[in-house]
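The values are calculated or read from the model by the stated rules, or taken from the named source; none is laboratory data. A quick note: this is a predicted structure, and the numbers were derived from the prediction, not measured. Here Cβ is always computed from backbone atoms with ideal geometry, including for glycine, and neighbour counts include all displayed protein chains.
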There are 2 protein chains.
Amino acid sequence: MPAPPEIQGRPAAALDTFVERVRSGNVRALARAITAIENNSSEASRLMKALFPYSGHASVIGMTGSPGAGKSTLVDHLAREYRKQEKTIGIIAVDPTSPYTGGAILGDRIRMQAHHADTGIYIRSMATRGFLGGLAPATADVATLLDAAGKDIVLIETVGVGQDEIDIVRLADVTVVILVPGMGDDVQTIKAGIMEIADIFVINKSDREGADRVEREIRAMQTLAIRRDDWMPPIVKTVASEGTGVPELAKAIASYREYFESKDLALRKKVSNWRERLVEMLRTALLDRMMREHLDPEHLTEYAREIAERRRDPYSLVEELVRSFGEKHV
Amino acid sequence: MPAPPEIQGRPAAALDTFVERVRSGNVRALARAITAIENNSSEASRLMKALFPYSGHASVIGMTGSPGAGKSTLVDHLAREYRKQEKTIGIIAVDPTSPYTGGAILGDRIRMQAHHADTGIYIRSMATRGFLGGLAPATADVATLLDAAGKDIVLIETVGVGQDEIDIVRLADVTVVILVPGMGDDVQTIKAGIMEIADIFVINKSDREGADRVEREIRAMQTLAIRRDDWMPPIVKTVASEGTGVPELAKAIASYREYFESKDLALRKKVSNWRERLVEMLRTALLDRMMREHLDPEHLTEYAREIAERRRDPYSLVEELVRSFGEKHV
């Protein structure tokens, strides 16, 4: 009797079952799928192909801010606000913890307890290192996965300082930038890099001294910025630890979405986002093929040694390797 | 009469002159070369090939820390310390300023004034965005350039929070991580991500309350960390604004280098660094060729539109594009 049909090693029937379990929002299936994405495995690729047609319905909200801005607390309160509206939520917390020492898992558990027994909220941390294809593509895939799993809202939180982290929230439908009073001058510098990506500003811990100054600074920078979509990012003041201002934040997000859809800008933004995601995916996939077919680890080390000893220049080597790519097949 | 021989458009003789001017440390030639690297131009590629054989002599020191840790001040004082030892210095300041609003140039001018008329110090800021091949590869190329230009020491300073910035200092010969007392809990989290890359710790602003606590925290984390090279990263206390502790920092860096060379670890680290740099260079070069030969901007936009409208799945598309790469030539 012939073996059952397989898709590159995994029985097709098993993949179908996996896809169905993810789509139904099964927590264990989601966890396994996200791990597969983090590991850039071939299973993840098959899964994403199968799930992709079911995505495109969730609202993806990126939230970013300096360390200490109170992002997690704000995200948790916003999630609760959406639960009141009967919406289901996926939260992706991009965690700046070391890949070596781990630590994200504990945070998940503590935060999950706050939403104990609410199956409408799924939380997953992702460390900022340790998977092959880069952080932004993996996070985008997880957002697509949670979307296909039927979540109405996908919240992505990151520390808004590194370029990786900024790339992540830029690919959201709505980007919220969280500032706090009294973080000193260097933080103002960092803010400059994320001012352009904010669709909505939040001044969290707004009961602190200096909240008005932060507001004035945002307003001053806004007079310089030119947005192609003519949207004027509103400023919402919150005290996340008390839930103050969270309904107003949800309203501001809804207003932005309405504005965006009324102006037919939503599709344009999605196309622009997909252009960037495609380029990133290609970058990773091309390198994967190169490493698989043309450049095994031993060769790579040997080349690196020749370069370190100045017996070879890396610029010419890379040109040669790229030129020969696709021509010979090993 | 035949035209003079050209290397892809630029007369070879002109390139030779350019290379010679860079090697002699000519400030205008360096500035032009670095701009070419930032723009990922073909001139940069030819230049780097010609300069590479002259590199490999400089000591590359990466310095990273939280915003507000006093990195620039410390780097400036360390540069002065090396000048006392008659060494020439190149400083690369990776600036988290927005690509849109600029701002790095002013900082260079202010800092250059402090070293006024000292041709032994060259300072250049690089913004964290806006060039094609990524920040880390461009910074690494600029370090190689300053090395080939005869600088004895290349100091690279970055904000140690984003992955990009961490990647930059990881590729240095020596990595210095700068901490300060009293930055709060979130900063402790970020620190976790950079603890592993530190060859030397600096506690700057060490006259502040809490310096001892930071030292205890570092020691506590060190008991958990295992380094393959058996080096125990020392902790140097500085007050950069007064120059206190800077000679001790220079000594710690020298000790690390001595240890490293005595243990034959230097070449091994360089080979490992070059492996990573090669992979990054390949990633960029492969995508460049793909975009040039197989995927013009209009096609890319059309694909993005089909994906945004769920008429095509991006995962299969990327597989197809990568499979056909190198087979057809446009």
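Restricting the search to segment B:284-329, which residues are of a type in the set (Asp, Glu), within 8 Å of chain A (Cβ to nearest Cβ) and farther than 27 Å from A:Pro314 by Cβ?
B:Glu309, B:Asp313, B:Glu319
Does B:Asp264 satisfy being at pLDDT below 95 and within 17 Å of B:Val174 (Cβ to Cβ)?
In short, yes.
Please verify whether B:Arg275 is outside any loop (DSSP other than H, G, I, E, B), at pLDDT 90 or above, of a type in the set (D, E, K, R) and touching a Leu at 6+ places or on another chain (Cβ under 7 Å), treating the condition exactly as stated. It would help to see each step written out before you state the result.
On the way: outside any loop (DSSP other than H, G, I, E, B): yes; at pLDDT 90 or above: yes; of a type in the set (D, E, K, R): yes; touching a Leu at 6+ places or on another chain (Cβ under 7 Å): yes.
Judged against the criteria, B:Arg275 is a match.
Only one residue in B:Arg268, B:Arg275 is surrounded by 15 or more Cβ atoms within 10 Å (Cβ to Cβ), within 14 Å of another protein chain (Cβ to nearest Cβ) and touching a Ser or Thr at 6+ places or on another chain (Cβ under 9 Å), so which one is that? First the steps, then the outcome.
Working: B:Arg268 fails: touching a Ser or Thr at 6+ places or on another chain (Cβ under 9 Å).
Selected residue: B:Arg275, the only one of B:Arg268, B:Arg275 that is surrounded by 15 or more Cβ atoms within 10 Å (Cβ to Cβ), within 14 Å of another protein chain (Cβ to nearest Cβ) and touching a Ser or Thr at 6+ places or on another chain (Cβ under 9 Å).
Among the residues of segment B:274-285, is there at least one that is in contact with a His (Cβ under 9 Å, 6 or more places away or on another chain) and closer than 26 Å to B:Asn40 by Cβ? Explain how you work it out, then say what you get.
Residues of segment B:274-285 that are in contact with a His (Cβ under 9 Å, 6 or more places away or on another chain), as a first pass: none.
Within segment B:274-285, not a single residue is in contact with a His (Cβ under 9 Å, 6 or more places away or on another chain) and closer than 26 Å to B:Asn40 by Cβ.
Output the residues belonging to segment A:235-257 that are assigned to a loop (DSSP other than H, G, I, E, B) and modelled with pLDDT under 95.
Here is the first cut: in segment A:235-257, the residues assigned to a loop (DSSP other than H, G, I, E, B) are A:238, A:243, A:245.
A:Gly243, the sole residue that qualifies.
Among the residues of segment B:25-61, which ones are in contact (Cβ under 8 Å) with a residue 40 or more places away in the chain and β-branched (Val, Ile, Thr)?
B:Val27, B:Ile34, B:Ile37, B:Val60, B:Ile61
Would you pick out the residues in segment A:207-227 that are within 14 Å of chain B (Cβ to nearest Cβ), assigned to a loop (DSSP other than H, G, I, E, B) and at pLDDT 80 or above?
The answer is A:Arg208, and nothing else.
Name the single residue, out of those in segment B:316-330 being closer than 14 Å to A:Leu287 by Cα and β-branched (Val, Ile, Thr), that is modelled with the highest pLDDT.
Among those that are closer than 14 Å to A:Leu287 by Cα and β-branched (Val, Ile, Thr), it is B:Val318.
Where residues in segment B:238-264 are out of contact with any helix residue (DSSP H, G or I) (no Cβ under 8 Å at 6 or more places or on another chain) and among the hydrophobic types (A, V, I, L, M, F, W, C), which of them is farthest from the other protein chains (Cβ to nearest Cβ)?
Among those residues, the one meeting the criterion is B:Ala252.
With the condition kept exactly as written, say whether any residue in segment A:11-25 is of a type in the set (Phe, Trp, Tyr), in a helix (DSSP H, G or I), at pLDDT 90 or above and buried (at least 21 other Cβ atoms within 10 Å of the Cβ).
Taking segment A:11-25 as the starting set, the residues that turn out to be of a type in the set (Phe, Trp, Tyr) are A:18.
Pick out the ones that are also in a helix (DSSP H, G or I) and you get A:18.
Filter once more, so that each one left must be at pLDDT 90 or above: A:18.
Filter once more, keeping what is buried (at least 21 other Cβ atoms within 10 Å of the Cβ): A:18.
Scanning segment A:11-25, I find at least one residue that is of a type in the set (Phe, Trp, Tyr), in a helix (DSSP H, G or I), at pLDDT 90 or above and buried (at least 21 other Cβ atoms within 10 Å of the Cβ), so the answer is yes.
Within the set of pairs 6 or more residues apart or between chains, which connect a residue that is within 13 Å of A:Gly70 (Cα to Cα) inside segment A:221-243 to a residue that is part of a helix (DSSP H, G or I) and of a type in the set (Lys, Arg) with Cβ atoms less than 9 Å apart?
Pairs that qualify, where the first residue is within 13 Å of A:Gly70 (Cα to Cα) and the partner is part of a helix (DSSP H, G or I) and of a type in the set (Lys, Arg), are A:Ala240/A:Lys71; A:Gly243/A:Arg80.
Being without any contact (Cβ under 8 Å) to a residue 60 or more places away in the chain and part of a helix (DSSP H, G or I): is that true of A:Met281 here? Walk me through how you get there before you give the answer.
Working: without any contact (Cβ under 8 Å) to a residue 60 or more places away in the chain: no; part of a helix (DSSP H, G or I): yes.
No; evaluated as a whole, the condition is false for this residue.
Restricting to segment B:150-206, what's the tally of residues that are within 11 Å of chain A (Cβ to nearest Cβ), in a loop (DSSP other than H, G, I, E, B) and at pLDDT below 80?
6
Pull up segment B:40-69, narrow it to residues that are among the hydrophobic types (A, V, I, L, M, F, W, C) and assigned to a helix (DSSP H, G or I), then point me to the one that is farthest from A:Val159 (Cα to Cα).
In the first step, residues of segment B:40-69 are kept if they are among the hydrophobic types (A, V, I, L, M, F, W, C); the result is B:44, B:47-48, B:50-52, B:58, B:60-61, B:63, B:69.
Applying the additional criterion that residues be assigned to a helix (DSSP H, G or I) yields B:44, B:47-48, B:50-52.
Numbers: B:Ala44: 33, B:Leu47: 37, B:Met48: 35, B:Ala50: 40, B:Leu51: 38, B:Phe52: 37 Å.
Of everything passing the filter in segment B:40-69, B:Ala50 is farthest from A:Val159 (Cα to Cα).
Do the conditions hold for B:Tyr256, that is, is it assigned by TED's automatic domain parsing to the domain that holds B:His77 and of a type in the set (Phe, Trp, Tyr)?
Numbers: assigned by TED's automatic domain parsing to the domain that holds B:His77: yes; of a type in the set (Phe, Trp, Tyr): yes.
Taking the combined requirement at face value, the residue satisfies it.
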